[in-house]
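Worksheet: one structure, shown below.
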Amino acid sequence: MSKPIIYVVQELHNEQIALIQKMAPDYQVITAKEAPTLTFEEDQIEILFGWRKDLGTRLLKSSTSRLKWIQMISAGVDYIDLETIQKKGILVSNGSGIHAVPIAESVIGILLAHTRSIHPSILNQQKKTWQPDLTFTELPDKKILIVGTGNIGIQLAKLSHAFGMLPIGVNRTGHDVSGFAHVYAQEKIDSILPEADIVVNILPLTAETHYFYDSQRFSAMKDGVLFINVGRGPSVNTSDLLAALVTKKIAFAGLDVFEEEPLPVESPLWEMENVLITPHTSGQAEHFKNKLFAIFAENLPLFIQSGTLARNNVDLTLGY
């Protein structure tokens with residue numbers, strides 16, 4: 001029988017590829033770049049480093065596939081077939097933790113773009129308009145509701161403290177998390193929404209969080225709230241969001257993720273002055289390859305030894 005394959009979709013440095021081969025001498029390491037020049041059986045792929053939809057779908061459909069572990073590059077895994085993966089007993093690890101600093105910094109950047117009128121100033125610069133009488137507010141003493149208290153939420157809470165804000169958290173059970181003034185259970189969110197000056201969504205996408213933010217939830221928010229979504233696009237009902245923006249129930253929205261990506265050119269969101277759009281880039285991390293490889297390299301020896309993972313193992317029942 002030929003060697004099992006570690007198929008590397010994610011682009012890595014040559015030194016990292018060599019290290020994988022050294023750590024796993026009984027495996028054949030194949031990169032996506034070199035794959036078209038090689039002859040091999042896809043069913044021999046046991047470890048998939050990164051995700052490619054066409055290849056992954058074929059492996060999940062194959063009755064003879066040896067696939068046992070998928071290392072995702074993102075924290076969210078809602079776009080892969082978790083049900084089939086669970087049935088087949090395949091392990092999944094994600095990139096949770098890599099994106100905490102860049103996403104938290106992006107949220108602060110988006111907030112400052114609004115509170116310090118940087119966003120309208122950029123628009124005025126494009127029109128060569130000198131308009132000093134803009135509206136300026138400050139972050140200290142603002143209550144920031146961080147919906148999702150994982151690695152990203154914890155990092156955002158730290159930065160919130162630095163800017164004098166009061167970070168309040170929301171998670172599934174309401175369990176305490178260091179760095180938050182208070183943490184509420186997800187089912188209790190409507191009771192705290194009226195107190196929040198800023199609401200930041202960092203929830204993963206699950207059956208429970210699809211359209212988590214709808215007209216009813218927006219209505220529960222404080223008038224003039226700032227809403228930021230760096231979680232998942234389908235957790236927000238776009239039509240209801242648009243309505244809340246038009247009435248200024250939501251004074252400003254910073255949106256990095258959308259129901260449909262790329263955001264269609266005909267979407268009214270593009271032309272709304274109280275909306276700041278970033279193209280799903282808040283998680284872009286400096287030295288991303290090295291940080292992702294560190295997760296994989298820590299997991300690989302244990303997987304070879306015992307078929308288990310040391311870190312970032314996704315709970316396939318919960319979806320994160």
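Only the coordinates and a few stated rules stand behind these numbers; no lab work does. Given the structure is predicted, the values throughout are model-derived calculations rather than measurements. Positions of Cβ are generated from backbone atoms using ideal geometry, with glycine treated the same way; all protein chains shown enter the neighbour counts.
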* Structure fact -> Going fewest to most other Cβ atoms within 10 Å around each Cβ, T31, T278 line up as T278, T31
* **Helix-only [θ]222 nm of the chain, DSSP H runs n ≥ 4, -39500 (n - 2.57) each, per residue, nearest 500** => -9500 deg cm²/dmol
* Please work out whether the chain counts as rounded, prolate or oblate from its C-alpha gyration tensor, where a ≥ b ≥ c are the square roots of the eigenvalues and a/c under 1.5 means rounded, while otherwise a/b larger than b/c means prolate and anything else oblate? => prolate
* Reachable lysines from K68, Cα under 27 Å, same-chain residues fewer than 8 places away excluded? -> K3, K22, K33, K53, K87, K88, K289, K291
* When only C-alpha pairs under 8 Å and at least 6 residues apart count, what is the relative contact order of the chain, in percent? -> 15 percent
* Structure fact -> Quick calc of log₁₀ I(q)/I(0), the stretch 133-253, Debye, one scatterer on every Cα, no solvent, q values 0.12, 0.21, 0.23 1/Å, result -0.40, -1.24, -1.45
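Can you give the FRET efficiency for N274 and S215, using 1/(1 + (r/R0)^6), R0 = 22 Å, r = Cβ-Cβ distance, to the nearest 0.05?
E(calc), rounded to 0.05, equals 0.80.
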* To do: Rank P140, P25, P102 by mean-square fluctuation in a GNM of the chain with C-alpha springs under 10 angstrom and give only the top-ranked residue.
  => P25
* To do: Determine which lysines satisfy two conditions relative to K143: a Cα distance under 22 Å, and not lying fewer than 8 residues away in the same chain.
  => K158, K188, K222, K248, K249
* To do: At 25 °C and 0.890 mPa s, grab the translational diffusion coefficient of the stretch 202-269 from Stokes-Einstein with a Kirkwood Rh over Cα pairs, rounded to a whole number in µm² per second.
  => 203 µm²/s
